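Notes follow once the structure below has been shown.
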Amino acid sequence: DQQVKQNSPSLSVQEGRISILNCDYTNSMFDYFLWYKKYPAEGPTFLISISSIKDKNEDGRFTVFLNKSAKHLSLHIVPSQPGDSAVYFCAAANYGGSQGNLIFGKGTKLSVKP
Amino acid sequence: DTGVSQDPRHKITKRGQNVTFRCDPISEHNRLYWYRQTLGQGPEFLTYFQNEAQLEKSRLLSDRFSAERPKGSFSTLEIQRTEQGDSAMYLCASSPVGPRDGYTFGSGTRLTVV
């Protein structure tokens, strides 16, 4: 039973346009959500996070939106750059339940074409 | 500090052999995590330590797997009697307590069981 779902295995976007990566979750106990980026042969790198008490968090070109009622979050990258091409993982945590682990989705491979 | 280091980067072993991986976390991080990632999947939680105490273990961590963090610094993950299904990328990560900004991952150890 997958608690964090990324239903799009891949996404292709033109350089300069917006990339929107989506993530759905099923566990209402999750109170913190994170996005990681992963290049081949490297470990995942933390990108941006959002607490469940917020609905938006922005960091430069990256914005994460959280819709708790829909159990849905999305990552917007504007403008997209070729260097953004990577696999993006959505992750969720239940810090209020003192669980230390993150639950990851399967990832979405983003390709930004010049 | 150069981040989270994992050794070796690659390991090929015959089925039935034992293997041990090492992780050196960021020195000031109290928490250390082990994850496993197979092709097409996101990282799956195995276990985590706070200092030298192992606080949580996943059901994925069968009896053949054991992890230690003897002095609250580096950690080892041992797999006994390896099986082909153990082939995966083993990722280590570390964080301060209460990782609101996510973990820092190492580059992983890729295990191939032949």
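Bear in mind these aren't lab numbers, they're just calculated from the coordinates by the rules spelled out. As the structure is a prediction and not an experimental result, all values here were calculated from the model. Quick reminder, even Gly has a Cβ in these numbers, built from the backbone with ideal geometry, and neighbours come from all protein chains shown.
Once C-alpha pairs closer than 8 Å and six or more residues apart are averaged by separation and normalised to the residue number of chain A, the relative contact order reads 37 percent. For B:Glu56, the residues whose amide H sits under 5 Å from its own are B:Tyr48, ignoring neighbours fewer than 5 places away on the same chain, with H placed 1.01 Å from N.
Would you mind giving the average projected area, over all directions, of the Cα convex hull of chain A in nm² with one decimal?
Values: hull surface 27.9 nm².
Projected over every direction and averaged, the Cα hull of chain A covers 7.0 nm².
Distances between placed amide hydrogens fall under 5 Å for B:Arg15 paired with B:Val114, all partners being 5 or more residues away or on another chain.
If you stretched the chain out fully between A:Val78 and A:Glu58, how much longer would it get, using 0.36 nm times the residue separation minus the C-alpha to C-alpha distance? Intermediate values should be presented prior to the final figure.
On the way: separation 20, 0.36 × 20 = 7.20 nm, distance 1.10 nm.
Gain on stretching A:Val78 to A:Glu58: 6.1 nm.
How much of the pair distance distribution for the protein assembly as shown lies past 22 Å, counting alpha-carbon pairs only, in percent? Intermediate results must be reported in sequence, preceding the final value.
On the way: 13369 of 25878 pairs.
So the pairs more than 22 Å apart make up 52 percent of the total in the protein assembly as shown.
Of the residues B:Gln17, B:Gln54, B:Gln41, the one that moves most in a GNM of chain B with alpha-carbon contacts below 10 Å is B:Gln41.
Short-range pairs are left out: with C-alpha atoms under 8 Å and at least six residues apart, the relative contact order of region A:1-62 is 24 percent. Across q = 0.13, 0.15, 0.16 Å⁻¹, region B:26-114 modelled as identical point scatterers on its alpha-carbon atoms has Debye log10 I(q)/I(0) values of -0.41, -0.54, -0.62, in the order of the q list.
Residue separation of A:Tyr39 and A:Thr26 scaled by 0.36 nm, minus their Cα-Cα distance, works out to 2.0 nm of gained length.
With the Kirkwood sum run over all distinct C-alpha pairs, region A:32-76 has a hydrodynamic radius of 11.2 Å.
Normalised by the residues of chain B, what does the relative contact order come to in percent, with Cα pairs under 8 Å and at least six apart? Each step should come with its number before you reach the end.
Details: 289 pairs, mean separation 41.9, N = 114.
Result for chain B is 37 percent.
Descending by average beta-carbon neighbour count within 10 Å, the peptides B:32-39, A:67-74 line up as B:32-39, A:67-74, the highest first.
Legend: distances between Cα atoms for A:Lys37/B:Lys11; A:Lys54/A:Lys106; A:Lys5/A:Lys37; pairs beyond 20 Å are A:Lys37/B:Lys11; A:Lys54/A:Lys106. Karplus-derived 3J(HN,Hα) values for region A:37-52, using 6.51 cos²θ - 1.76 cosθ + 1.60 with θ = phi - 60°, are 10, 9, 8, x, 6, 10, x, x, 10, 4, 10, 7, 9, 8, 7, 5 Hz; glycine and proline are entered as x.
Once backbone amide H atoms are built at 1.01 Å from N, B:Arg31 has B:Asn51, B:Ser95, B:Val97 as its partners under 5 Å, excluding neighbours fewer than 5 places away on the same chain. Between A:Lys109 and B:Leu60, the modelled label-to-label distance comes to 2.0 nm, taking each label 7 Å out from Cα in the direction of the beta carbon.
Starting from 0.36 nm per residue, how many nanometres of slack lie between A:Leu11 and A:Ser69 once their C-alpha separation is accounted for? Let's see the in-between values first.
Values: separation 58, 0.36 × 58 = 20.88 nm, distance 2.53 nm.
The A:Leu11-A:Ser69 span can extend by a further 18.3 nm.
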